[in-house]
Every structure is written in structure tokens, then in C-alpha cells.
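FYI, it's all coordinate maths here, none of it is from the lab. As the structure is a prediction and not an experimental result, all values here were calculated from the model. Positions of Cβ are backbone-derived with ideal geometry, glycine not excepted, and every protein chain shown enters the neighbour counts.
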Amino acid sequence: MVWTAMPSVTSEDLAARAFAAGAYDFTPLLNAPGALLCRPARHGVRLVVLPTAAMPEAALSALLAWRLGQYLLTGFYDAAAVAEREMSGEPREQVHDRDLHAMALDDHGQILCYLTLKQPAGLGPDSEWTFRDGERPLFPSEEIHGRRWQGRITGVDEIAAASCWELARFVKDQRRSADAITMRAPLEIALGVARLARHPTYHGMRLVIGDLDPEVALRNVRFFYVPVATFPAHRVELPAGSLLAPRYREHETAPFIGSVADVDYATYIRWADISLALSCEDLEASLRLLALRQFISVKESSLKLPLPLTEDSAYPTESLTSPSSKAASVALWNAAQRGRIPWKAVVLGPGEQLPRDRISWIIEGYAQALTYSATGLSHLAGLGSDVAFVPQEDIMGSLATIEAATPLRLLATTRENFEDFWRQRQRLFETSTSTLYGAPALAGISR
């Protein structure tokens, strides 16, 4: 008898099976009672955010199939474990009634992009635990990374655990990743959820936790001017058979935490500028979004604790060790005025131009960047305190002018000096992985 090996089932095969099982038109969810956000189409992208309790079971089953398929295509899920369990969707028991589901839908009711905000089982609005409480249920990212890293944060001792949510499953449709509409969808969904989190009706959300790939995801978070406390990335070896073993074995990830209170007026203006870009046709939207990369937020999370300063530096101690970017900028301003650092303290009046050949860190006031459009000049970006203009030669041509709209104070310096300062500052807010995480966080949790 000749034995032949059974062909192995690929991630693509398993994903196709999940997508077939989860075929569904999600359009009715846009009118679902209990939805927190429903937004009509903008260039083909519609948004809805709703809790599990507001979703029909058929829609939830289809969503879980979609999530499984996408995580198989990204390589985050162990295909062998999925095949062995004969899964056609993620387990229903991992989803709780209060979980929030944000979906970007196309005109046919198909999901372009998705993310969830969730809490662990056993944590509800009436729970009395604080975030620091050692007895509270663990968030999913804490099951992976442990909680030791939280010794490097401050300002959370009295915050109720019920006001903390984990952001997870942020993924776009991998089958359509090259389509313009699929490129829009992550920006639309991130903008919608960020604005929802700051809506006065939902003031109960105070902390957002999770984990991310710092090489990619952190840049996207900073693009939205959302300051989060992050930590050095590491790899985690999960137990054999864990669904998420490939994600944490093959990719470095890091926990993060952000305070909703850190969102300020500069962030709101940034969101408006991103929204303006997304309101344009594809080509102009792409050019505007690219141009916006030249404006960065220098604000740090108020939750992160600095390490002690152990080396001599030309920069004032407070500019390096203060979690407050405002305090850091004031210290830099005073040093620049005294000629102690190679930065220039600049005062501008309304209508005067910002330097185009140097980095400008706005200390006080408001500036406006204009770009070219078919009808002439148009608004590109509003720049307030704790925002820096970092010129990039390859896209400088997209900027028509940057001028002070109000009396303005800024610090101007070369890219070399700015990056030298930023390296020194960031070094004080980093910690070794062994100190943060200890031994691998998981000892037998199968996910």
C-alpha cells in the first residue's frame, strides 16, 4: 500500500471558508436602535459603532467569521489550531454584551475596516475595582504582557477599572488592501471612534489600553495627535495551540495606555484637518494626508514616568524629564533666550511667515498652513502649542505658506539638534523589557 500525505490546509483556505460562512449585508446596522454612531457615506465609506447587545445574532456570527478570516490572512492566527478546532468564526464567548464594535462599510454593506473596544468578563459599570486593583479581571493585553509595566505609569490610582477599555482587532479587509476605499476606511474609523470617545455623552471612558506594533501602529496613533504611554517591544511565546501564537512569536509588540484627558485643542484641530482631507477626492485626499505628516505633536502622555537623569546634558533637566511637553518647551525657551542651547527663541506677529528651512516648535499661539487647490490657496492645517513643523524636502512643494494667525512664540532649530534632543528625552521614558515584563507573561492561557 502506498501512503500519500494529506494536503495541508492553508490560512487562505481557512479564511475563505470563514468568509463564506459569514456572508452578510451589514447595512441594516446603520439604523440599529442602540447604535452610538451612524454616519452616512463619505466617498463610499459609511460608519457605525454599536454594542454587542444592539446587534442581531446573525450579524454577530457574520462579524466573528469576518474577524477570523482577517486574522488568518494577516498571519496572526495559527492555521493548524484553527483547522484542528474546525472553526468558521471566532468563539462567541470572547464577546461580551458591552463590547463596542466599530465598522466601516462600503455601499454593499461589506466591512472595509473594523475595530473593537472591549472589557473583560466580570467588569461592568457597577464594578468597584480601580485600575490599580490587583484583584480585578485582566484585560486581554494584560493576559499577554502581564501588569508589571504598569509600575512605570502614574495618575491611574483612583481611576475606576470600569472606565478603561481595550482597543483591539483593528484590521482592514486584507482582500482589498490596495483599493482606495480600503485605504480610506482605517482613517475614517479611527477618526470616528476618537471623536466618539470625547463626546460629552460618553464621558465615562477615561483610559484606553491595548498592545501594538510600535514600528507601524505607533506612527498612526501619533498621526492623530493622540499621546499614549508605550513601552519597549518584545516577543511572547504563548502555549502550544494558542490561536494568537504566531502574532506574538513572530512580531514584536508592546503594551500601551492612553488617557482620554490628554486630548487637547491641538488634537481636535488635527482631527478637523484629517476630516477635511478625507472629504476630498482620492488624489487630493492623498496629497493632503501626506502633507500633514510634516506637522507632528510633541506632547507626551501624562501617564508615563521618566527615569532619573544620570548623564550630563546641554539641555535643561526639566526639558528632558518633565512628562509635560508644556513644561519642557518653557524650559527650552528660557535656555534658548539665554543662548545656552543651539535653538532660537522666535516671536512672530499675525501674518508673519514661519521659517521653512528649520524645525519650528510652537510654544504659544496659532499658525495656519495653506496648500494649493484648483481654486487657489486653501486651508491645510492649524498649528497650536506643542505642535512642531518638521519640513520634508520631498513633499515641501505641497505647502504654499505657513503663517502666524495670532501672536506666536516658537523655537526654531535644525533637524540634527531637534533629533538629538528628542533622543535624549525619549531615552528617559524607556525601560528594559526584563524590568517591565519579567518572564513570559502567559503560563497556560489559550486564546
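Distance from the alpha carbon centroid of region 187-249 to that of region 1-77 works out to 20 angstrom. Considering all different alpha carbon pairs of region 11-263, the Kirkwood hydrodynamic radius works out to 18.8 Å.
In the P(r) worked out for region 344-415, what percent of Cα pairs fall beyond 18 Å?
In whole percent, the long-distance tail amounts to 33.
Spin-label model, residue 23 to residue 43: label points 7 Å out along the Cα-to-beta-carbon direction sit 3.1 nm apart.
Highest mean first, the peptides 96-104, 381-389, 310-318, 190-198 sorted by other C-beta atoms within 10 Å per residue fall in the order 381-389, 96-104, 190-198, 310-318. Pairs of lysines in the chain whose Cα atoms sit within less than 26 Å of one another amount to 6, provided the residues are eight or more positions apart or on different chains. Can you tell me what percent of all Cα-Cα pairs in region 297-427 are more than 22 Å apart? Roughly 38 percent, rounded to a whole number. Close amide H pairs (under 5 Å, H built 1.01 Å from N) link residue 47 with 39, 105, residues at least 5 positions away or on another chain.
The alpha-carbon positions of region 275-342 define a convex hull whose volume is 136 Å³ per residue.
As a proxy for reagent exposure, 299, 304 were ordered by neighbouring Cβ count within 10 angstrom, fewest first; the result is 304, 299. Over the chain, all Cα pairs binned in 20 Å intervals from 0 give whole-percent P(r) values of 23, 53, 22, 2, 0, listed from short to long.
Using only Cα atoms, find the angle between the long axis of helix 265-278 and the longest principal axis of the chain, and express it within 0 to 90 degrees, rounded to the nearest 10. For helix 265-278, the angle is close to 60 degrees. A Förster distance of 41 Å, applied to the separation of the beta-carbon atoms of residue 286 and residue 202, puts the FRET efficiency at 0.85. On C-alpha positions alone, give me the angle between the axis of helix 180-197 and the longest principal axis of the chain, in degrees, nearest 10. Rounded to the nearest ten degrees, it is 80. For region 297-309, 3J(HN,Hα) computed residue by residue from phi via the Karplus equation (6.51, -1.76, 1.60; θ = phi - 60°) reads 8, 9, 6, 9, 5, 6, 8, 8, 8, x, 7, x, 7 Hz, glycine and proline entered as x. Separation of region 324-340 and region 132-158, taken as the distance between their Cα centroids, equals 34 angstrom. With contacts taken as Cα pairs under 8 Å and at least 6 residues apart, the chain reaches a relative contact order of 14 percent. Between residue 93 and residue 394, the contour length at 0.36 nm per residue exceeds the Cα-Cα span by 103.4 nm. Relative to the dominant Cα principal axis of the chain, helix 282-291 is inclined by about 50°.
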